[in-house]
Each structure stands twice: as C-alpha cells, then as structure tokens.
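Data block below; observations after.
Computed from the coordinates by the stated procedures, all read-outs in this text should not be read as laboratory data. Predicted, not measured: the structure shown is a model, and the values here were computed from it. Cβ placement follows ideal geometry from the backbone for every residue including glycine, while neighbour counts extend to all protein chains displayed.
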Amino acid sequence: MDRGTSLPTMLEQKVYPYEMLKGSRSMNLPPGVDRPRLERHLSPEEFQEVFGMTIKEFDKLPQWKRTDLKKKACLF
C-alpha cells in the first residue's frame, strides 16, 4: 500500500462517458472498471441524465429496482 495515498482517493472510481460504458462487454472496458457497478463510473451529471435521479436516491432504491434501471440504461 502506498502510504502517500489516502483511503478516499484509493476508493474513488474513475469516471468514463456513458457512451463508453453502455452495452460494453468486459473485454472492451478500460482496466479497473467495476463491471457489476458500471453506473459508479458515470459523472454525477451524467448519472442524473441517465437515471433521472442522484446517486444517493438511486442507492435508496431496492436492489431489484436498481437492476431494472441499469438494464434499461444498458449498464447491466
């Protein structure tokens, strides 16, 4: 572990454009992309545009609803 890197920095997800993530297969994604949580790689603005809600609002939804929304957005 690099002692010069803070935990929040290590936990941050890299942001990628929606067009790069939607409908992607694992082999086409950049290294380090969390395949089961593609939505976490969207910017807050693009997340709002794609899902019509904030990330916090999305996280409050039941798992089945989040999965359904991710499928509709081609991020599943």
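Available extension along the chain between ARG35 and MET20 is 4.2 nm, counting 0.36 nm per residue and deducting the alpha carbon span. Net charge of the neighbourhood of PRO44, taken over other residues with C-beta under 12 Å away and scored Lys/Arg +1, Asp/Glu -1, is -3.
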